[in-house]
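Written below as structure tokens is the structure these notes are about.
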Amino acid sequence: MIQLIEPYAEDKIRALKMGDMVHLSGLVYTGRDAVHKFLHEGGKPPVDLQNQIIYHCGPVVIKEKGKWVVKAAGPTTSAREEPYQGHIIEKFTIRAVIGKGGMGPRTLEACKKVGCVYLHAIGGAAQVLAECVTDVLGVSLEEFGSPEAIWAFRVKNFPAVVTMDAHGNSLHAAVLEQSKEQLKQLV
Amino acid sequence: MRNLKANLLELVRRTSAELPDDVVTVITSAATQEQEGSNAQYAMNIITSNIDMAKLKSAPLCQDTGSILFFVKAPKGFDQLAFEKVAREAVAEATARGYLRQNSVDSLTGKNTGNNLGPGSPAIHFHQHRGTRADVRLILKGGGCENVGAQYSLPDVRLNANRDLDGVRKAILDAVIQAQGKGCGPGILGVCIGGDRATGYLHSKEQLLRMMDDVNPEPSLSALEKDIVISANKLGIGPMGFGGATTLLGCKIGALNRLPASYFVSISYMCWAYRRQGFILNDSGKIVEWLY
Ligand code: SF4
């Protein structure tokens with residue numbers, strides 16, 4: 001198990017390899033469809049994304065006694081952000097993207113260029129992952145609706161697997177290829 | 001219909017927070033199949049902790065609480081309109097209480113209705129049956145896994161799949177390949193051979209009402225179900241698509257008659273968060289049995 005702790009320096013990220021299991025601790029910003037489209041179209045980010053992590057997540061957050069409490073915080077499907085992600089990684093020097101299902105060649109290319117990784121969270125594990133969020137630091141772009149806003153979370157020991165690294169390796173591409181080979185033996 | 005609202009509310013809560021025992025049994029056993037220290041084992045361990053934690057906290061297992069699908073078998077004289085009205089109230093209340101996420105969006109305006117009510121939500125499928133009791137079942141089916149469902153029209157040249165069980169097998173295995181990494185595997189397949197495009201998909205979802213360990217009474221389908229699970233697991237896709245031993249936890253196949261001109265294979269993919277529950281109500285509206 002690798003501890004990935006903020007600050008997310010480039011050399012730490014480049015040292016990660018496909019298949020590494022990590023526990024992430026530090027700041028992450030949520031962002032899904034609306035945020036990606038906004039940033040891609042030149043929108044000015046309300047937070048400093050430089051050297052930060054974007055989490056594809058539409059959390060359920062409610063206010064209890066004047067404090068934000070995260071009720072569920074699992075990943076959403078990343079593939080929808082493929083048209084935007086590569087550009088956003090390069091433009092803002094994003095160090096990691098967390099999501100599920102993996103991403104395509106443009107994102108992989110940007111990871112290599114910038115020094116960024118794709119961290120695959122466990123899809124559906126809403127409760128385990130909500131427990132990893134120790135603090136809600138704030139919310140911006142709330143006008144997109146709560147699940148689509150940028151939430152700043154502090155997480156502790158957030159479990160994920162590096163499925164795309166900064167050296168051009170993608171576990172998704174590797175498993176796809178291998179499973180297609182296997183299928184040939186079976187049909 | 002006395003107590004129906006409270007009973008349906010409890011049905012929604014249980015379905016959203018607690019996986020049925022037959023599902024937990026196969027997930028727990030699959031977790032032991034993965035190689036020590038592998039990404040797949042890591043994923044399975046987090047999945048099993050999540051199952052325990054959701055039950056303990058009585059909180060949604062997954063934040064996508066999915067499409068709300070009721071399947072009701074009711075005796076003659078059962079008031080379907082009254083049931084539907086109460087079911088809608090229960091769904092709205094369950095949403096307000098956080099058992100369900102606000103999950104129903106107007107397809108034209110993009111606006112979330114905020115209470116899970118709207119055209120098609122919840123979906124209630126009624127059937128009449130003999131007897132005096134009502135059999136009420138609920139499936140919550142998430143979007144990620146619904147998106148990877150597929151319908152094949154055989155023959156299929158790309159797959160070299162003909163209109164026979166071998167062709168069906170090729171179609172199903174292709175769907176498993178296409179679904180990899182998406183839909184939160186390991187998954188469970190509900191499949192229908194035949195029917196039209198609408199009845200085929202519906203029947204594929206009805207297969208998901210079957211128990212994990214039941215045996216298909218039709219020997220050729222029973223054999224195909226077993227073969228699909230074994231073959232899919234040889235593909236090595238594994239939990240979350242990380243690579244590993246368990247790609248599928250189960251496969252349930254039914255058949256409907258078809259037109260001579262059509263041969264559909266309809267596949268509904270269910271994620272590991274296989275949320276289904278149900279109960280039997282006696283004629284005074286009391287729950288006499290939980291079904292899963
Ligand atoms: S596919 Fe299932 S487990 Fe995954 S996010 Fe959707 S509902 Fe949750």
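Work through the residues other than B:L256 whose Cβ is under 15 Å from its Cβ and net out their charges, Lys, Arg +1 and Asp, Glu -1. Once all neighbours under 15 Å are counted, the net charge is +2.
Report the charge-dipole magnitude of segment B:144-270 in Debye, nearest 20, computed about the Cα centre from +1 at each Lys and Arg Cβ and -1 at each Asp and Glu Cβ. It would help to have the intermediate numbers written out before the result.
Values: 12 positive and 12 negative charges, 47 e Å.
In total the dipole reaches around 220 debye.
Per-residue 3J(HN,Hα) values for segment B:168-179, derived from phi via the Karplus relation 6.51 cos²θ - 1.76 cosθ + 1.60 with θ = phi - 60°, read 4, 4, 4, 5, 5, 5, 5, 4, 5, 4, 5, 7 Hz in sequence order (x marks Gly and Pro).
Roughly how large, in nm² to one decimal, is the mean projection of the convex hull of the alpha-carbon atoms in chain B? Before the final figure, lay out each step's value.
Values: hull surface 64.2 nm².
Averaged projected hull area, Cα only: 16.1 nm².
For chain B, the Cβ-based charge dipole about the Cα centre amounts to some 660 debye (Lys, Arg positive; Asp, Glu negative; other atoms uncharged).
Comparing Cα centroids, segment A:129-187 and segment B:68-100 end up 35 angstrom apart.
The Rg/Rh ratio of the protein assembly as shown, with both radii computed over alpha carbons and Rh defined as the Kirkwood radius, is 0.97.
Counting residues in segment B:66-184 as N, plug N into 2.2 N^0.38 Å and put the Cα Rg over that result. Can you show the working numbers first?
Details: Rg = 18.8 Å, N = 119, 2.2 N^0.38 = 13.5 Å.
Taking the Cα Rg and dividing by 2.2 N^0.38 Å, one obtains 1.39.
Among the chymotrypsin sites (Phe, Trp or Tyr not before Pro) found in segment B:68-98, not one is both in a DSSP coil and sparsely packed, with 13 or fewer other Cβ atoms within 10 Å of its Cβ.
Per-residue mean of foreign Cβ neighbours for B:47-53 is 5 (Cβ atoms of other chains, 10 Å radius). FRET efficiency for the pair B:R163 and B:D214, taken as 1/(1 + (r/R0)^6) with r the Cβ-Cβ distance and R0 = 30 Å, rounds to 0.65. Each part reduced to its alpha carbon centroid, segment B:1-53 and segment B:186-237 end up 20 Å apart.
For segment A:1-109, the alpha-carbon coordinates run over 43, 37, 26 Å along the three principal axes, in decreasing order.
Roughly how compact is segment B:3-42, stated as its Cα Rg over 2.2 N^0.38 Å to two decimals? Mind dumping the intermediate values first?
On the way: Rg = 15.9 Å, N = 40, 2.2 N^0.38 = 8.9 Å.
In units of the 2.2 N^0.38 Å rule of thumb, it is 1.78.
Considering the zone a paramagnetic label at A:R154 would reach in this model (a point 7 Å from Cα along the Cα-to-Cβ line), which residues of segment A:61-94 have amide N under 14 Å from it? Answer for segment A:61-94: A:68. Would any residue of segment A:19-44 have its amide N under 20 Å from a label point 7 Å out along Cα→Cβ of A:K113? List them or say none. Label zone hits: A:36-44. Scalar couplings 3J(HN,Hα) for segment A:167-183, obtained by applying the Karplus form with A = 6.51, B = -1.76, C = 1.60 to θ = phi - 60°, are 10, x, 9, 10, 5, 5, 5, 5, 5, 4, 4, 5, 5, 5, 4, 4, 4 Hz; x denotes Gly and Pro.
Each of A:F144, B:F264 was scored by other Cβ atoms within 10 Å of its Cβ. Arranged with the fewest first, they read A:F144, B:F264. The ranking of B:T25, A:T107, A:T163 by Cβ neighbour count inside 10 Å, starting from the fewest, reads B:T25, A:T107, A:T163. Please state, rounded to one decimal and in Å, the Kirkwood hydrodynamic radius that segment A:69-154 gives when every pair of distinct Cα atoms enters the mean of 1/r. Radius from the Kirkwood sum: 13.9 Å.
Count charges around A:K156 for me, please; just the other residues with Cβ under 12 Å from its Cβ, Lys/Arg as +1, Asp/Glu as -1. Working shown, then result.
Working: positive: A:R154; negative: A:E6, A:E131, A:D135.
Value of the local net charge: -2.
Averaged over the residues of A:127-140, the number of partner chain Cβ atoms lying within 10 Å of the residue Cβ comes to 3.
Remark: B:W272, A:W151, A:W68, B:W290 ranked as B:W290, A:W68, A:W151, B:W272, counting other beta-carbon atoms within 10 Å and listing the fewest first. For B:S107 and B:K5, FRET efficiency with R0 = 30 Å and r from the beta-carbon atoms, rounded to 0.05? E(calc), rounded to 0.05, equals 0.60. The Rg/Rh ratio for segment B:1-104, using Cα coordinates for both the radius of gyration and the Kirkwood hydrodynamic radius, is 1.10.
What fraction of the Cα pairs in segment B:149-292, stated in percent, has a spacing above 28 angstrom?
Tail of P(r) above 28 Å: 20 percent of Cα pairs.
Given the pairs A:K113/B:K182; B:K170/B:K205; A:K65/A:K91; A:K67/B:K55; A:K44/A:K112; A:K100/B:K57, which are separated by over 29 angstrom at their Cα positions? Could you put the intermediate results ahead of the total?
On the way: A:K113/B:K182 26 Å; B:K170/B:K205 20 Å; A:K65/A:K91 39 Å; A:K67/B:K55 24 Å; A:K44/A:K112 25 Å; A:K100/B:K57 24 Å.
Going by Cα-Cα distance, A:K65/A:K91 fall outside the 29 Å limit.
Ignoring lysines fewer than eight residues from B:K5 along the same chain, the ones with Cα atoms less than 20 angstrom from its Cα are B:K73, B:K85, B:K286.
Quick one: longest stretch of chain A between exposed loop trypsin sites (Lys or Arg not before Pro), exposed meaning at most 14 other C-beta atoms within 10 Å and loop per DSSP?
The longest such stretch corresponds to A:66-187.
Placing dummy labels 7 Å off each Cα toward the beta-carbon, the span from A:A9 to B:T132 is 7.7 nm.
Centre-to-centre, using Cα atoms only, segment A:19-73 and segment B:245-292 are separated by 36 Å. Here the scattering of chain A is modelled by Debye summation over its C-alpha atoms, one equal scatterer each and no solvent; at q = 0.17, 0.19 Å⁻¹ the log10 of I(q)/I(0) is -1.05, -1.30.
If you place +1 on the Cβ of every Lys and Arg, -1 on the Cβ of every Asp and Glu, and leave all else neutral, what size is the dipole of chain A about its Cα centre, to the nearest 20 Debye?
Details: 21 positive and 20 negative charges, 33 e Å.
Using Cβ point charges on Lys, Arg, Asp and Glu, chain A gives about 160 debye.
In chain A, with Lys and Arg counted as +1 and Asp and Glu as -1 at Cβ, which of these residues, A:V162, A:L176, A:H23, has the Cα nearest the positive end of the dipole, that is, farthest along it? The residue sitting most towards the positive pole is A:H23.
Determine the shielding of peptide A:175-186 by partner chains: average, over its residues, the number of Cβ atoms on other chains within 10 angstrom of each Cβ. Please report the intermediate quantities before stating the final value.
Working: counts 11, 6, 0, 4, 13, 3, 2, 8, 9, 0, 3, 9.
For peptide A:175-186, the averaged partner shielding equals 6.
Give a quick list of trypsin sites (Lys or Arg not before Pro) in segment B:242-292 that DSSP marks as loop, anything other than H, G, I, E or B, with at most 13 other Cβ atoms within 10 Å. Walk me through the intermediate numbers first.
On the way: sites: B:K252, B:R258, B:R275, B:R276, B:K286; in loops: B:R258, B:K286.
Those that pass, being in a loop and sparsely packed, are B:K286.
Every number in this text was worked out from the coordinates using simple rules, so none of it is lab data. Only a predicted model underlies this, so the values are computations on that prediction, with no experimental measurement involved. Ideal geometry is used to build each Cβ from the backbone, glycine not excepted, and the neighbour counts take in all protein chains shown.
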